[in-house]
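Everything on this sheet refers to the single structure shown next.
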């Protein structure tokens with residue numbers, strides 16, 4: 001995976017791999033290779049989402065009416 005893919009491209013490829021695996025039409029060796037490729041793509045997507053989350057800022061209107069930037073903090077369920 002030397003080429004850099006966008007999140008959307010990686011997710012699309014991951015969905016195709018999942019579909020191929022679910023079809024049951026792959027031999028064992030090919031299914032294992034596809035699974036390994038899917039795991040790498042999954043990790044890449046997760047990393048990109050984590051990086052994006054760190055960059056997100058929320059603009060909040062302060063007491064004086066000015067907009068202030070605050071870091072985004074994800075709420076845990």
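What follows draws every value from the coordinates through simple rules; no lab data is involved. Given the structure is predicted, the values throughout are model-derived calculations rather than measurements. Neighbour counts are summed over all protein chains in view; Cβ atoms, including those assigned to glycine, are modelled from backbone coordinates with ideal geometry.
Summary of values
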item: Two-site label geometry, residue 8 and residue 46: point separation in nm, points 7 Å out along Cα→Cβ; result: 2.5
item: Counting all C-alpha pairs of the range 7-71, share separated by more than 20 Å (%); result: 50
item: Highest to lowest packing among 6-12, 64-70, scored as the average C-beta count within 10 Å; result: 6-12, 64-70
item: The range 7-71 - percent relative contact order, Cα under 8 Å, separation 6 or more; result: 27
